[in-house]
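Notes follow once the structure below has been shown.
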Amino acid sequence: MAKNIAFVFPGQGAQYSGMGKDFYNQYEKAKQIYDYASEICNIDVKKICFDSSDSRIHETKYTQIAIFTTSLAILECVHGIGVTSTVNAGLSLGEYTALAASNVIDIKDLFLLVKKRGKYMQEAFPTGGAMAAVIGLSEREVVAICNQMNGNIYIANYNCPGQIVVTGEKAVVEASYEIFQKKGARMVLPLNVSGPFHSPLLETAKKKLEISLKDVQINNFIIPYVSNVNAKYINYSCDIKSLLSEQIVSSVKWQQSIKEMIRQGVDLFIEVGPGSTLTNLIRKIDPGVEVLNIQAVGDMKTLLKVN
């Protein structure tokens, strides 16, 4: 029986030095993506991704283009063996790879948008922001603590049951750790990001992205994607540009998105890109659903049973 497949794509924080290098070396399609990214963005994307001495991989304005390029390169290889999806989704930045997979926006425009998005987000709050994953508390408990804090702290991501990411001013986020733990959180994990993403503190980035999106053409695409903002299937008739700009300052409804795709009949999720964060989250959201993770050439063999 044919599988109802969703491709899912990772966001910022999934990056690591050497990501995608084996695909670059072994697949011409992947090499072409890295070379095209470097040309279009006027950045040596290969060096950022592959050179362990290049610290730019952890700077937002470079991280985002590096992860997007790597995920897209791996996606091309997956498509190359005939595996396709019925819906796509990505966590935060990963939503832009989902747009590519669904052919919502042309690749060249997406590269330029991702480059601008990373730049705008870094400029909006260059220092003094932080994010952390709170493990072991309910949504209601986390929201209540955020509301009682004196300062800017917000819900950034609804990742999975018992895992919610908070975002905001660094001093406020760090002051919340002790309170979360006193309320029973098993763990509070600071995230490897450089800003208070998915919060109103990035309003200036949202406004700049709105302007950049004005001249971007939305294709008459067939394969839907799921929006982080509302966890709904998005088609050509939706206000896609508003959703993309709103995404920068809104909570990422990842758990709700996965549940919606399962409700719509998805029975196989394939995480495409660096890391295995989404694979782990999906297994916590629904232990019964099948999930594959493609981040290295050796993982491609797991797709043979799909095709």
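Coordinate-derived values only; no laboratory data. Not measured: the values here are computed from a predicted model. No Cβ is skipped: glycine too gets one built from the backbone with ideal geometry, and neighbour counts run over all protein chains shown.
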(request) Could you tell me which of rounded, prolate or oblate describes segment 119-227, using a ≥ b ≥ c as the square roots of the eigenvalues of the alpha-carbon gyration tensor, with rounded for a/c under 1.5 and, failing that, prolate when a/b is larger than b/c and oblate otherwise? (result) oblate
(request) Sorted from largest down, give the three principal axis spans of the alpha carbons of segment 1-70, whole angstrom values. (result) 47, 26, 21
(message) Below 8 Å between Cα atoms, with a sequence gap of 6+, how large is the relative contact order for segment 16-152 in percent?
(response) 23 percent
(message) Please check: in the Gaussian network model of the chain (C-alpha springs, under 10 Å), which one of ASP22, ASP54, ASP109 has the largest mean-square fluctuation.
(response) ASP54
(request) Once you have a ≥ b ≥ c as the square roots of the Cα gyration tensor eigenvalues for segment 181-262, tell me rounded if a/c is under 1.5, and otherwise prolate or oblate according to whether a/b is larger than b/c. (result) oblate
(request) Taking the Cβ of each residue in TYR27, TYR34 as the centre, tally the other Cβ atoms inside 10 Å and list the residues starting with the fewest. (result) TYR27, TYR34
(request) Under 1.5 on a/c is rounded, so check that first for segment 150-307, then, if it is not, pick prolate when a/b is larger than b/c and oblate when it is not; a ≥ b ≥ c are the square roots of the alpha carbon gyration tensor eigenvalues. (result) oblate
(message) Less than 15 Å Cβ to Cβ from VAL291, Lys/Arg counted +1 and Asp/Glu -1: what total charge do the surrounding residues give?
(response) 0
(request) Please arrange HIS79, HIS198, HIS58 by counting, for each residue, the other beta carbons lying within 10 Å of its beta carbon, fewest first. (result) HIS79, HIS58, HIS198
(request) Report the antiparallel proportion of the DSSP beta bridges in the chain as a percent, rounded to a multiple of 5. (result) 55 percent
(message) Using amide H atoms built in the peptide plane, which far-off residues or other-chain residues are under 5 Å from VAL252 H to H?
(response) ASN157, TYR158
(message) I want the local charge near TYR233. Using Cβ-Cβ distances under 12 Å, sum +1 for each Lys or Arg and -1 for each Asp or Glu among the other residues.
(response) +1
(request) Could you run the Debye sum over the Cα atoms of segment 25-155, one equal point scatterer each and no solvent, and tell me log10 of I(q)/I(0) at q = 0.17, 0.20 Å⁻¹, two decimals? (result) -0.96, -1.15
(message) Given all pairs of different Cα atoms, what value in angstroms does the Kirkwood hydrodynamic radius of segment 129-190 take?
(response) 10.9 Å
(request) Determine the sum of side-chain charges near ILE81: Lys and Arg each +1, Asp and Glu each -1, restricted to other residues whose C-beta is under 13 angstrom from that of ILE81. (result) +1
